[in-house]
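The values are calculated or read from the model by the stated rules, or taken from the named source; none is laboratory data. Source: prediction; values computed, not measured. Cβ atoms come from the backbone with ideal geometry, glycine included; neighbour counts cover every protein chain shown. Quick note on the areas: whole protein, heavy atoms, side chains included, nothing else; ligands and nucleic acids left out. Shrake-Rupley method; radii C 1.70, N 1.55, O 1.52, S 1.80 Å.
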Amino acid sequence: MDEKESPRVGAAVKRRRRALQLTLAVVSSRSGLSVPFLSQVENDRARPSRRSLELVAGALETTSGALLAAAEAARTVDVVRADERSAALPPGVRSLVRGRHQLHAMEFTGEQDAGREFQHRNDELLYVADGAAEVEAEGRAHRLGRGDTLYLSGGVRHRWRATEPGTRLLVVAIAEHVEAEEE
């Protein structure tokens, strides 16, 4: 594969390396490729040749095909139309991102009141697109109006409810299946 055909696999390589809890130095030692080159690959500043990708895959205890598939899945472009609804979700709730990705986003429309407390492993952002909502978090009530946002770090117990008819609340979070980590 030449430079034009060579895929951007950086994110897939980095995810796999971190999942195995390996440093770039260890992958370098296992693959025979330099740390600077591997860093450039992970940051998509260099694209590996077929042979280099096979060496990286071997060092990461996987196959080049698996890395390519992971890279392809990560590049998904998908439009979710405003009128699309999922039969699996209750009325007034729709997913803004289809599939299983690192970003999870939902839209809640109307007088939603789940009546239960939530606690998510990862960070979350609530944005009031229309109307108003009340969020109870860390023992305090926060009243939010149109255009307001509320950030919740992972692990914070919270509950929310719409306080005006026609409220539209967007909830954006790091997906539960992703282990968020500080850099």
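Count the net charge of all other residues whose Cβ sits under 9 Å from the Cβ of residue 84, scoring Lys and Arg as +1 and Asp and Glu as -1.
Overall, the nearby charge balance is +3.
What are the radius of gyration and Dmax of segment 12-66, computed over its Cα atoms and given in Å?
Final numbers for Rg and Dmax: 9.6, 24 Å.
How big is the C-alpha Rg of segment 100-173 next to the rule-of-thumb value 2.2 N^0.38 Å, as a ratio?
1.01
At a 1.4 Å probe radius, carbon and sulfur cover how many percent of the accessible area of segment 1-70?
Whole-percent figure for carbon plus sulfur exposure: 50.
Residue separation times 0.36 nm, minus the C-alpha to C-alpha distance between residue 136 and residue 66: what's the value?
20.9 nm
Rounded to two decimals, what is Rg over Rh for segment 11-136 when you use alpha-carbon atoms and the Kirkwood radius?
With Rh from the inverse mean 1/r over Cα pairs, Rg/Rh is 1.14.
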